[in-house]
Amino acid sequence: MEETCRVIVLGAASVDIKGRAQAGLRALTSNPGDVRLGVGGGARNVAENLARLGVDTTLMTVVGDDPIGQAILDYTVAAGVNIAPTLIATEAHTGAYLTLADAEGRILFALDDMDALAELVPDCIVAYEPLFYAADMIFVDANLPEATLAAVVDLSREQGIPLCADPTSAILAPRLAPLLGEIDILVLNAAEAQVYCPREVGGREAAIGMARAVVQCGVGTAVVTLGAEGVAFATSDESGWIPAFPLDEVVDTTGAGAALTAGVMFGLLNNVPLDEAVRLGASAAALTLQTHETVRSDLSLDLLYEQIMVF
């Protein structure tokens with residue numbers, strides 16, 4: 001990778017609290033399970049994945065003035081991410097993401113508390129505007145306030161910097177709806193895609209059709225993930241499908257989407273064809289599914305291609 005390759009990532013950082021039942025769940029009582037804490041947040045996860053792949057990555061987020069926030073920042077710095085523009089909020093606590101999965105690892109419910117990001121207002125973007133000038137790509141997640149998302153979009157257009165985005169959830173996806181025509185790369189799951197293009201998604205051809213429909217909404221490149229079924233992608237000129245990597249066991253699904261996004265970004269930053277970039281993303285997601293870590297601490301380009309060669 002060229003040393004000049006730089007990415008600015010904006011969005012959530014949080015503590016992950018992940019619970020997985022040991023057997024069938026019973027309501028209104030305590031259930032035996034496995035509960036783990038980790039470092040998370042959609043944007044932060046993308047930033048760490050990119051840094052572990054060797055990309056010069058800067059994270060702009062908000063954490064509270066509390067021990068959890070400091071621990072998240074320390075861990076993120078140790079992973080190789082620059083956190084210089086991150087804000088420490090004195091009036092808000094560090095974000096949290098809570099999941100409950102069944103015995104097979106399927107997430108049944110998830111709660112997120114990202115209110116601290118309200119502090120990342122457009123003036124913050126203006127204050128750090130020179131930081132963006134040398135960037136090769138910008139990434140945002142939809143946890144950001146709508147006005148801040150609009151400010152980042154304006155800056156990316158003014159400076160001619162490609163913008164990648166992730167809706168984060170079907171609930172937050174509407175925040176990106178008025179900005180779709182300004183987004184170069186949108187990575188989203190089927191539920192999020194249906195917010196913009198209400199239609200059925202089932203199987204390869206339908207997924208490719210959904211990706212094309214998202215492009216027709218104005219997005220430059222759409223990557224639609226369907227979990228174990230695979231990944232569809234489309235631009236105005238091409239479309240295709242990458243099957244999911246076969247896995248004997250899914251240990252934890254948290255963070256797989258961020259890994260896929262980072263893999264796609266890495267590929268496109270290095271000018272590889274779109275289908276290969278999506279395959280790199282699928283490889284990163286599969287590797288993440290096989291660990292309890294939200295971001296694999298041993299992630300590397302060699303590991304991505306090693307898995308591609310195996311399957």
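Taking the chain as a Gaussian network, where each spring joins two C-alpha atoms under 10 Å apart, which residue of Ala193, Ala134, Ala222 fluctuates the most?
Maximum among the listed residues: Ala134.
Charges at C-beta only: +1 for Lys and Arg, -1 for Asp and Glu. How large is the resulting dipole of the stretch 183-305 about its Cα centre, in Debye rounded to 20? Before the final figure, lay out each step's value.
Working: 5 positive and 15 negative charges, 57 e Å.
For this selection, approximately 280 debye.
Taking a cut-off of 26 Å, what percent of all Cα-Cα pairs in the stretch 113-263 are separated by more than that?
27 percent
If you rank Tyr97, Tyr75 by how much accessible surface each has, with a 1.4 Å probe, what is the order from largest down?
Numbers: Tyr97 65, Tyr75 85 Å².
Descending accessible area places them as Tyr75, Tyr97.
Extension gain Ala177-Glu129, at 0.36 nm per residue separation less the Cα-Cα distance, in nm? The partial results should precede the final answer.
On the way: separation 48, 0.36 × 48 = 17.28 nm, distance 2.42 nm.
In short, 14.9 nm is gained.
Cα centroid distance between the stretch 211-251 and the stretch 1-72, in Å?
So the separation of the two Cα centres works out to 23 Å.
Which Rg and Dmax, in Å, describe the Cα atoms of the stretch 16-142?
Both quantities, over Cα of the stretch 16-142: 17.0, 54 Å.
Set Lys and Arg Cβ to +1 and Asp and Glu Cβ to -1, take the dipole of the stretch 125-186 about its Cα centre, and tell me which of Ile138, Ile185, Leu172 lies farthest positive.
Of the options given, the answer is Leu172.
Over the alpha carbons of the stretch 81-126, what is the largest minus smallest coordinate on each principal axis, giving the biggest first in Å?
Reported extents, whole Å, longest axis first: 45, 25, 17.
Using θ = phi - 60° and the Karplus relation 6.51 cos²θ - 1.76 cosθ + 1.60, list the HN-Hα couplings for the stretch 82-94 in order, rounded to whole Hz, with x at every Gly or Pro.
7, 10, 3, x, 5, 9, 9, 8, 8, 10, 9, 8, 4
How many percent of all Cα-Cα pairs in the stretch 174-311 sit more than 22 Å apart?
Of the Cα pairs, 34 percent sit more than 22 Å apart.
Kirkwood Rh over alpha-carbon pairs of the stretch 164-215, then Stokes-Einstein at 37 °C and 0.692 mPa s: what D in µm² s⁻¹, rounded to an integer?
297 µm²/s
Among DSSP bridges having both ends in the stretch 81-200, what percentage is antiparallel? Round to the nearest 5.
On the way: 6 of 12 bridges.
Bridges in the stretch 81-200 that DSSP calls antiparallel: roughly 50 percent.
Note down the magnitude of the dipole of the chain about its Cα centre, charges +1 on Lys and Arg C-beta and -1 on Asp and Glu C-beta and zero elsewhere, to the nearest 20 debye. All intermediate terms of the calculation are to be shown ahead of the outcome.
Values: 15 positive and 41 negative charges, 126 e Å.
For this selection, approximately 600 debye.
Rounded to the nearest 5, what % of the DSSP beta bridges within the chain are antiparallel ones?
Close to 40 percent.
Once Rh is set to the Kirkwood radius over Cα pairs, what Stokes-Einstein translational diffusion coefficient, in µm²/s, holds for the chain at a temperature of 25 °C and a viscosity of 0.890 mPa s?
For the chosen part, D equals 127 µm²/s.
Pick from Ser297, Ser30, Ser236: which is most flexible by mean-square fluctuation in a GNM of the chain where alpha carbon atoms under 10 Å apart are linked?
Highest fluctuation among the options: Ser30.
Under 10 Å, Cα contacts only: if you run a Gaussian network model on the chain, which one of Asp115, Asp123, Asp248 comes out with the highest mean-square fluctuation?
Asp248
At 0.36 nm per residue, and after removing the present C-alpha to C-alpha distance, how many nm does the segment from Ala84 to Glu200 gain when stretched out fully?
Answer, rounded to one decimal: 37.5 nm.
So how much accessible area does His292 have, in Å² to the nearest 10, using a 1.4 Å probe?
Using a 1.4 Å probe on the heavy atoms, I get roughly 80 Å².
If r is the Cβ-Cβ distance from Asp102 to Val77 and R0 is 41 Å, what FRET efficiency results, to the nearest 0.05?
0.70
Considering only DSSP beta bridges with both partners in the stretch 183-282, what is the antiparallel share in %, to the nearest 5?
Antiparallel: roughly 60 percent of the beta bridges in the stretch 183-282.
What is the spin-label model distance, in nm, from Asp302 to Cys217 if the labels are put 7 Å beyond Cα along the C-beta direction?
4.1 nm
What number, rounded to the nearest 500 deg cm²/dmol, is the helix-based mean residue ellipticity at 222 nm of the chain, given -39500 (n - 2.57) per DSSP H run of at least four residues and division by all its residues?
The helix-only estimate for the chain comes to -10500 deg cm²/dmol at 222 nm.
The values are calculated or read from the model by the stated rules, or taken from the named source; none is laboratory data. For clarity, every value in this text was computed on a predicted model and none was experimentally measured. When we count neighbours, we look across all protein chains shown, and the Cβ atoms used for this are built from the backbone with ideal geometry, even at glycine. Please note that ligands, DNA and RNA were not included when accessible areas were found on the heavy atoms of the full protein model with its side chains. Shrake-Rupley method; radii C 1.70, N 1.55, O 1.52, S 1.80 Å.
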